[in-house]
Every structure is written in structure tokens, then in C-alpha cells.
Amino acid sequence: MNIIAWIILGLIAGAIAKAIYPGHQGGGILATMLLGIVGAFIGGSLFTFLNTGTIGLTAAGFSLPGVITAIIGAMIAIFIWGLITRRTA
């Protein structure tokens, strides 16, 4: 998949994941894109692991199931990012 498709998939998946995920997430369009792209890799790798039982670094394709997988992966990435950047009060 070429880089332009990755950027578009990342933007779509990141924006939908940020809209679905409860609470406020900081960051602009670049952070949304990066979370979406990371989410595509997380979701694709998790999907591959659940289907085949092997761990492989794969990414979701640019299709409806691929976008859904990328959204789920982006939500996981948002959750992990929230754990890392959580501030104690």
C-alpha cells in the first residue's frame, strides 16, 4: 500500500477512533494521523494473530474491514497513549 493510502487510512481511522473514544484527546491532525497509522498496524497485527496464531507486523488494507480493524487498533493506541501520558493529581 502506498504512502498516500496510508495517510488517508490513518486520518480516517484516527478521526473516527477519536470521535468514538470517550474523553478528551489532545493533538491535532498530525497526531490523529499518526494514531490512525499506528492503529492500522496494531489492528492488522492483532487480526493476523487471532486468525493464524502467529505474530506478524501487518497492517489493515484500504477496505471496509481494514478501516474497521484500523479504528479498533487506533482506539487501542489511544488507550495506551493515555496510560503513558496520564498525569497523577
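One residue stands out in segment 8-47 among those that are within 12 Å of the chain's Cα centre (by Cα) and among the β-branched types (Val, Ile, Thr): the one that is farthest from Ala77 (Cα to Cα), namely Ile12.
Got at least one residue in segment 11-22 being open to solvent by 90 Å² or more (accessible area, probe 1.4 Å), more than 11 Å from Ala70 (Cα to Cα) and not polar (S, T, N, Q)? Yes - at least one qualifying residue is present in segment 11-22.
The values are calculated or read from the model by the stated rules, or taken from the named source; none is laboratory data. Being a predicted model, the structure only gives us computed values, none of them experimental. Heads up: the accessible areas ignore ligands, DNA and RNA and are worked out on the full protein's heavy atoms, side chains in. Shrake-Rupley method; radii C 1.70, N 1.55, O 1.52, S 1.80 Å.
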